[in-house]
Amino acid sequence: MQEGAVVTLSRHIVEQERRHPEATGAFSNILYDIALAAKIISREVNRAGLVDILGSAGKFNIHGEDVRKLDEFADDVIFQAMDHTGNLCVMASEEVDDPIPIPDKFPAGNYVLLHDPLDGSSNIEANVSLGTIFSIHKKISKGERGGLADLLQPGYKQLAAGYIVYGSSTMLVYTTGAGVYGFTLEPSIGEFLLSHPEMKIPDPGKKIYSVNEAYYKRWSPGQQLAVDQLKDEGFSLRYIGSLVADFHRTLLYGGIFMYPADAKSPKGKLRLLYEACPLAMVIEAAGGASSDGAGSILNVEPVELHQRTPLYLGSKSVVQKTEEALQAAGAGVPGA
Ligand code: P6P
């Protein structure tokens with residue numbers, strides 16, 4: 001790429017496609033459609049305080065969490081952007097209990113999309129950064145229309161994964177496994193511009209650990225030891241409580257993000273398929289590591305659509321040290 005070129009997401013995708021002559025363009029179109037949905041969601045997130053669409057929609061999702069109107073809006077925007085394209089055979093969303101079929105009136109395709117449409121939604125009214133997380137798989141079932149089997153695939157089979165962080169700027173970060181690319185939205189022209197080519201997580205990077213330490217007493221002895229060690233080594237705590245924001249900082253600065261299992265959440269809180277797996281693909285493609293406490297998130301075999309997992313993401317050296325502490329002092333949580 002020549003020096004100083006302004007590379008839009010569209011140009012980047014064309015250049016990437018040229019490197020893969022076998023590409024059909026369907027995958028590229030999925031990325032375009034995700035970017036379109038992100039622009040629409042970004043506009044509403046940035047106007048949220050103005051158009052009074054805050055407040056509870058009075059509905060609850062499968063996890064018993066209060067679904068905010070922006071959550072529903074983001075979920076609907078992604079569905080509307082993807083349902084008619086003929087690229088997908090089935091979808092899944094954190095906000096929807098069951099697999100989401102492609103409407104019969106539209107053709108089905110060879111890809112699968114799982115997503116968390118607007119993570120961190122409990123922070124909406126505090127104007128904290130929110131995020132969309134997405135995971136793309138290939139269809140593996142035989143029929144024309146996909147189903148649960150196409151959704152329950154392990155992370156190492158992902159074709160692509162990424163997230164959009166709606167913060168001081170809106171950034172789209174994605175990987176297909178070879179390189180991690182960051183694009184920043186220029187709202188005045190409505191284009192995502194390549195701002196972070198070839199993202200790599202610093203290792204060990206800044207001494208930052210990110211976990212909700214209020215749960216310390218509910219942790220396993222191994223988790224307590226891991227955090228005690230980090231503090232002894234002079235690590236600082238940074239915790240926004242919005243997964244995509246905490247992850248994005250970890251990717252840029254290094255250190256570690258943790259949402260461990262604890263006595264109240266023996267499987268952790270975060271979801272495997274559309275939170276842990278996509279972020280694990282990004283962090284590992286950026287030279288970092290992911291773990292459920294025992295090994296890479298990407299190797300976990302899913303059994304349920306909304307299953308949860310303990311989650312560690314960060315600089316490889318820090319994640320490895322944390323796994324050693326968990327294994328040395330025991331990762332079993334009281335009451336699990
Ligand atoms: P806790 C936000 O509600 C969320 O789903 C993630 O974005 C975030 O990482 C986590 O929950 C925060 O959970 O238990 O620390 O409030």
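The values are calculated or read from the model by the stated rules, or taken from the named source; none is laboratory data. It should be emphasised that the depicted structure is a prediction, and the values quoted were computed from it without experimental measurement. Reconstructed Cβ throughout: ideal geometry from the backbone, glycine too, with neighbour counts over all protein chains shown.
Of all the listed residues (Leu193, Leu130), the sole one being touching a strand residue (DSSP E or B) at 6+ places or on another chain (Cβ under 6 Å), more than 29 Å from His20 (Cα to Cα) and aliphatic (A, V, I, L, M) is Leu130. Among the conditions (1) within 16 Å of the chain's Cα centre (by Cα); (2) closer than 19 Å to Ser315 by Cα; (3) more than 10 Å from the ligand (Cβ to nearest atom), the only one that Leu272 does not satisfy is (2).
A single member of Tyr181, Tyr215 is buried (at least 16 other Cβ atoms within 10 Å of the Cβ) and within 14 Å of the ligand (Cβ to nearest atom), and it is Tyr215. For the condition closer than 20 Å to Ser129 by Cβ, more than 17 Å from the chain's Cα centre (by Cα) and either of a type in the set (Ser, Thr, Tyr) or surrounded by fewer than 24 Cβ atoms within 10 Å (Cβ to Cβ) (or both), Ile240 does not qualify. Within the span defined as region 287-303, every residue fails to be crowded, with 22+ Cβ neighbours inside 10 Å, in contact with a strand residue (DSSP E or B) (Cβ under 9 Å, 6 or more places away or on another chain) and farther than 25 Å from Gly222 by Cα.
Condition test on Gly241, is it closer than 14 Å to Val211 by Cα, within 13 Å of the ligand (Cβ to nearest atom) and touching a helix residue (DSSP H, G or I) at 6+ places or on another chain (Cβ under 9 Å)? Here the answer is yes, as Gly241 does meet what is asked.
The residue list Ala276, Ala263 contains one member that is more than 21 Å from Gly179 (Cα to Cα) and hydrophobic (A, V, I, L, M, F, W, C), which is Ala263. Among the residues of region 218-238, those identified as in a loop (DSSP other than H, G, I, E, B) and either among the aliphatic types (A, V, I, L, M) or away from the ligand (no atom under 16 Å from the Cβ) (or both) are Ser220, Glu233, Gly234, Phe235.
Filtering region 279-329 to residues that are small (Gly, Ala, Ser) and either farther than 28 Å from Glu94 by Cα or in the same structural domain as Asp98 (by TED's automatic domain parsing) (or both) leaves Ser317, Ala325, Ala328, Ala329. Taking the criterion of being surrounded by fewer than 17 Cβ atoms within 10 Å (Cβ to Cβ), among the charged types (D, E, K, R) and within 16 Å of the ligand (Cβ to nearest atom), would at least one residue in region 117-125 satisfy it? Yes, that holds for at least one residue.
Within region 306-320, the residues that satisfy the criterion of being surrounded by 21 or more Cβ atoms within 10 Å (Cβ to Cβ) and either of a type in the set (Asp, Glu) or under 19 Å from His63 (Cβ atoms) (or both) are Thr309, Pro310, Leu311. Checked against (1) part of a loop (DSSP other than H, G, I, E, B); (2) within 13 Å of the ligand (Cβ to nearest atom); (3) among the basic types (Lys, Arg), Lys267 passes all but a single condition, namely (2). Residues that are within 16 Å of the ligand (Cβ to nearest atom) and either surrounded by 15 or more Cβ atoms within 10 Å (Cβ to Cβ) or at pLDDT below 95 (or both) do not occur anywhere in region 185-207. Inspection of region 177-186 identifies no residue that is under 14 Å from the mean Cα position of the chain (by Cα), in a helix (DSSP H, G or I) and in the same structural domain as Val90 (by TED's automatic domain parsing).
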